[in-house]
Protein chains: 2
Amino acid sequence: MLTPGISKQTLRRLPFYLSYLKSLRKDMPDFISATAIADALKLNQVQVRKDLAFVSSSGRPKVGYRTQDLISEIESFLGYNETDNAIIVGAGRLGKALMNYEGFKEYGLNILAAFDTNADLVNTEGSDKPIMPMNKLRDFCVGLKIRIGIITVPSEYAQDVCDALVGSGVLAIWNFAPVHLRVPEYIIVQNENMASSLAVLSNHLNQKLSDKNILKVG
Amino acid sequence: MLTPGISKQTLRRLPFYLSYLKSLRKDMPDFISATAIADALKLNQVQVRKDLAFVSSSGRPKVGYRTQDLISEIESFLGYNETDNAIIVGAGRLGKALMNYEGFKEYGLNILAAFDTNADLVNTEGSDKPIMPMNKLRDFCVGLKIRIGIITVPSEYAQDVCDALVGSGVLAIWNFAPVHLRVPEYIIVQNENMASSLAVLSNHLNQKLSDKNILKVG
């Protein structure tokens, strides 16, 4: 469940607006309208206006929003000022890359630790965050009230890991395994599927390159 | 443009089917039906049947597909047996994490090098792949016929980088910057927006936790 009335699509667009506003830097106008933002991002202005109405009530007709206020309001709405603690299950290549990626802190995400069944990975060097065995998962999550779990295990283990996370009090799951997870109604799952993105890119390429060959032959 | 008649959604689902089939391992049946795959992944069986028709013509009524053949056919369709070379622009935290992530090789993606305007990052240690200055981008891409460009620069530079990639012969762009990129019609852009995913997860959490507080107070 999300903020009443707000759609996933609106939530997904808010970081785009924020990113655009912050990119203005020294050219930042004191006031900015939904129309100006829509034009810059090639989006529908009615949509932008509706989206911004969820995060700010300070917009004024013909004047727009005070730009700095709007930035603060979006950041506050997205929870960038508070920190959500998270854990990762699966300390393979992707799990380690995400665990050590410092950029999430800007978005209020703090990854505390990773968990793995592979004893060889537990407490390996190369990271200042602990990698712990799976049998410590529940106590860790319950004790520290962890609400976000990130799944980076191979597909065939993802559902079991998901069940373990739900059983440990996690409410939001960020799933990097290319599988559909079954969860209770009160849990949200956000799928991040790089293989799917690559499938789209690669198919486009093959198509384009075969078009070229046809042109050459013909 | 994609394979004629195939949708982005179908392409995005194919890696899920492949992942599921491979996960069967020693329990893998000799034959598998679209219905069995649909049931396992909680998808619509008509949709699965249509999707698989793009990659295989070997399915037989009441018998299904020879499982090993279907795996090979999907892998071949997705181009996992061939390698697409790619470059990354933006050698910050995310760029470096992606550059050094070995998992992409399974999907036929080979990242050859990264480019950055920041001279301090050029040819730094910690990676066996080169980080080169931006003024080498065009020659590198043209010389090696690079068709995939990955953008991991801050939002405000993403459009300029995108234009430079298009000007260097790149046909497919994987964009990790939270901005809408303007490209010619023959270029495909796939957006990967982690900030958007986190916005959805975080909002769900805040909502859930405030529900709890209301319950406690009431």
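Of all the numbered requirements in (1) at pLDDT 90 or above; (2) among the aromatic types (Phe, Trp, Tyr); (3) within 21 Å of B:ALA195 (Cα to Cα), A:PHE104 misses one, and that requirement is (1).
Checking each residue in region B:94-128 for being open to solvent by 40 Å² or more (accessible area, probe 1.4 Å) and farther than 19 Å from B:ALA172 by Cβ picks out B:LYS96, B:ASN100, B:GLU102, B:THR117, B:ASN118, B:ALA119, B:ASP120, B:ASN123, B:GLU125, B:GLY126, B:ASP128.
If you go through region B:77-92 and keep only what is within 14 Å of chain A (Cβ to nearest Cβ) and either part of a strand (DSSP E or B) or open to solvent by 60 Å² or more (accessible area, probe 1.4 Å) (or both), you end up with B:ASN81, B:GLU82, B:THR83, B:ASP84, B:ASN85, B:ALA86, B:ILE87, B:ILE88.
Within the option set A:VAL142, A:VAL189, A:VAL161, A:VAL166, being among the β-branched types (Val, Ile, Thr) and either closer than 28 Å to B:ILE148 by Cα or open to solvent by 60 Å² or more (accessible area, probe 1.4 Å) (or both) holds for one residue only, A:VAL142. Among residues of region B:44-58 that are of a type in the set (Gly, Ala, Ser), those with a Cβ under 8 angstrom from a residue that is loosely packed, with under 15 Cβ neighbours inside 10 Å, sequence gap 6+ or separate chain, pair up as B:SER56/B:ASP69; B:SER58/B:ASP69. Do we have B:ARG12 as more than 18 Å from A:TYR157 (Cα to Cα), in a helix (DSSP H, G or I) and at the interface with chain A (Cβ under 8 Å from one of its Cβ atoms) here? Taking the combined requirement at face value, the residue satisfies it. Considering region A:64-76, the residues that are of a type outside the set (D, E, K, R) and in a strand (DSSP E or B) include one that is surrounded by the most Cβ atoms within 10 Å (Cβ to Cβ), namely A:TYR65.
Every condition in (1) within 22 Å of B:GLN9 (Cβ to Cβ); (2) surrounded by fewer than 17 Cβ atoms within 10 Å (Cβ to Cβ) holds for A:LEU181 except the one numbered (2). Of all residues in region A:154-195, those satisfying the criterion of being more than 15 Å from B:SER23 (Cβ to Cβ), in contact with a helix residue (DSSP H, G or I) (Cβ under 8 Å, 6 or more places away or on another chain) and part of a helix (DSSP H, G or I) are A:ALA164, A:LEU165, A:GLY167, A:MET194. For the subset of region B:1-23 comprising residues that are modelled with pLDDT of 85 or more and surrounded by fewer than 16 Cβ atoms within 10 Å (Cβ to Cβ), which member is farthest from A:ALA195 (Cα to Cα)? This residue is B:SER7.
Anything in region B:32-63 that is open to solvent by 20 Å² or more (accessible area, probe 1.4 Å) and not in a helix (DSSP H, G or I)? List them, or say none. Within region B:32-63, B:SER33, B:LYS42, B:LEU43, B:ASN44, B:SER57, B:SER58, B:GLY59, B:ARG60, B:PRO61, B:LYS62, B:VAL63 meet the criteria. Take B:PHE54 and tell me if it is touching a Lys or Arg at 6+ places or on another chain (Cβ under 8 Å), hydrophobic (A, V, I, L, M, F, W, C) and not assigned by TED's automatic domain parsing to the domain that holds B:GLY149. Spelling it out, it is not the case that B:PHE54 is touching a Lys or Arg at 6+ places or on another chain (Cβ under 8 Å), hydrophobic (A, V, I, L, M, F, W, C) and not assigned by TED's automatic domain parsing to the domain that holds B:GLY149. Restricting the first member to region A:94-119 and to residues that are more than 9 Å from every other protein chain (Cβ to nearest Cβ) and over 13 Å from A:THR152 (Cβ atoms), and the second to residues that are open to solvent by less than 10 Å² (accessible area, probe 1.4 Å) and of a type in the set (Lys, Arg), no beta-carbon pair is closer than 9 Å while six or more apart or on different chains.
The values are calculated or read from the model by the stated rules, or taken from the named source; none is laboratory data. Predicted model, so just to flag it, every value in this text is computed and none were measured. Glycine also receives a Cβ, built like all others from the backbone with ideal geometry; neighbour counts cover every protein chain displayed. These area figures cover heavy atoms from the full protein model, side chains too; ligands, DNA and RNA do not enter into them. Shrake-Rupley method; radii C 1.70, N 1.55, O 1.52, S 1.80 Å.
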